[in-house]
Amino acid sequence: MASSEEKRHGQNLKRHARNQTTKSRVKTLMKKVTAAVDVKDTAAAEAQLRLAASALQKAGKKKVFHPNTAARRIARLSRLVHRSKNTTPTSTTSAS
């Protein structure tokens, strides 16, 4: 194997490890947002959303994820958080 091939292989392994770390971190942050929404903790959900959105934007910018994928995931998470925040328990009594 030529030395240039060895160098390229080493670079690929290093990038792969870095990308896997970033993807894992982003997935964990996304799960924390959904977990906070599930327990109806809006303050925690919003705080986790800010962290997750930031991590997703950075990952998209560095091409770990495609930028549109990052934007789509941010949009879905924000929609989830804001819908859960605006959902208020309504009474089930009828008007008639």
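The values are calculated or read from the model by the stated rules, or taken from the named source; none is laboratory data. Computed from a predicted model, the values in this text were never measured in an experiment. Cβ: placed from backbone, ideal geometry, glycine included. Neighbour counts: every protein chain shown.
Key figures
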| item | result |
| --- | --- |
| Lys31 vs. criteria among the basic types (Lys, Arg), modelled with pLDDT of 95 or more and loosely packed, with under 11 Cβ neighbours inside 10 Å | no |
| Unique match (being more than 12 Å from the chain's Cα centre (by Cα) and farther than 15 Å from Leu77 by Cβ) among Ala35, Ala17 | Ala17 |
| Enumeration of residues in region 49-90 that are farther than 30 Å from Asn12 by Cα, in contact with a Ser or Thr (Cβ under 7 Å, 6 or more places away or on another chain) and among the small types (Gly, Ala, Ser) | Ser84 |
| Criterion (of a type outside the set (Lys, Arg), at pLDDT 95 or above, buried (at least 19 other Cβ atoms within 10 Å of the Cβ) and not in a helix (DSSP H, G or I)) met by exactly one of Val64, Val26 | Val64 |
| Cross-chain or 6+ apart pairs with Cβ under 7 Å, region 8-24 first and under 19 Å from His66 (Cα atoms), then surrounded by 11 or more Cβ atoms within 10 Å (Cβ to Cβ) | Asn19/Val64; Thr22/Ala59; Thr22/Val64; Lys23/Val64 |
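To keep it simple, each residue is scored yes or no on (1) in contact with a Lys or Arg (Cβ under 6 Å, 6 or more places away or on another chain); (2) buried (at least 16 other Cβ atoms within 10 Å of the Cβ); (3) closer than 27 Å to Gln20 by Cβ; (4) touching a residue at least 40 places away in the same chain (Cβ under 8 Å).
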{"position": "Asp41", "(1), (2), (3), (4)": "no, no, no, no"}
{"position": "Ala45", "(1), (2), (3), (4)": "no, yes, yes, yes"}
{"position": "Lys58", "(1), (2), (3), (4)": "no, no, yes, no"}
{"position": "Thr69", "(1), (2), (3), (4)": "no, no, yes, no"}
{"position": "Asn86", "(1), (2), (3), (4)": "no, no, no, no"}
